[in-house]
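The values are calculated or read from the model by the stated rules, or taken from the named source; none is laboratory data. These figures come from a predicted structure and were not determined experimentally. Here the Cβ positions follow ideal geometry from the backbone for every residue, glycine too, while neighbour counts run over all protein chains shown.
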Amino acid sequence: MEYQISYKRELNCKEKGLLKFLFQREKKDWVLLIDNLKVIARCGCGNCPTILFGKSFEDKISKGYLLIDYYVKTKNQGIVGIGLFGNDEIPTQLELYSVDGLFEINEIPENYHQAKKAII
Ligand SMILES: [Zn+2]
């Protein structure tokens, strides 16, 4: 993701559900953090569900590195990659993208609970 759009709101149920799904498997100590996260920005394309997190709406975008790498096969969006970025403190970004580049991903897949860990 090359640029971001400032975009402030609370996380919705699906976003919280997906984070919970990922953290329960890969980073249990962050499950309790979910309710304190705010969405502070979104991907610059303005269409995909990729969002950036802060602890408050005043937070600046912080740098993170890829911590969790999952994917899920969907009916209409092909294989959707799910990348969770973070630093030592908090998750910084939830990225969703088309793995084969053929689809525009415009929402979190309904079947995200079927996601599997990507094997590199
Ligand atoms: Zn995007």
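Those residues that are in contact with a helix residue (DSSP H, G or I) (Cβ under 8 Å, 6 or more places away or on another chain), away from the ligand (no atom under 16 Å from the Cβ) and among the aliphatic types (A, V, I, L, M), I need them from the stretch 49-74; list them, please. Result: 67, 68, 72.
Listed by position, the strands (runs of 3 or more DSSP E) contained in the stretch 42-101 that have at least 2 residues being modelled with pLDDT of 95 or more and touching a Gly at 6+ places or on another chain (Cβ under 8 Å) are 65-73, 79-86, 91-98. Beta carbons closer than 7 Å, at least 6 apart along the sequence or on distinct chains, pair a first residue in the stretch 40-60 that is under 14 Å from residue 9 (Cβ atoms) with a second that is among the aromatic types (Phe, Trp, Tyr) and surrounded by 14 or more Cβ atoms within 10 Å (Cβ to Cβ) for 40/53. Return yes when residue 85 is over 15 Å from residue 21 (Cβ atoms), of a type in the set (Phe, Trp, Tyr) and in contact (Cβ under 8 Å) with a residue 24 or more places away in the chain and no when it is not. Taking the combined requirement at face value, the residue does not satisfy it.
When the residues of the stretch 84-107 are filtered to those that are surrounded by 14 or more Cβ atoms within 10 Å (Cβ to Cβ) and more than 15 Å from residue 45 (Cβ to Cβ), which remaining residue is farthest from the chain's Cα centre (by Cα)? Out of the qualifying residues, it is 99.
Can you name the residue in the stretch 34-48 that is more than 16 Å from the ligand (Cβ to nearest atom) and in contact with a strand residue (DSSP E or B) (Cβ under 7 Å, 6 or more places away or on another chain) and is also farthest from residue 90 (Cα to Cα) among such residues? Selected residue: 38.
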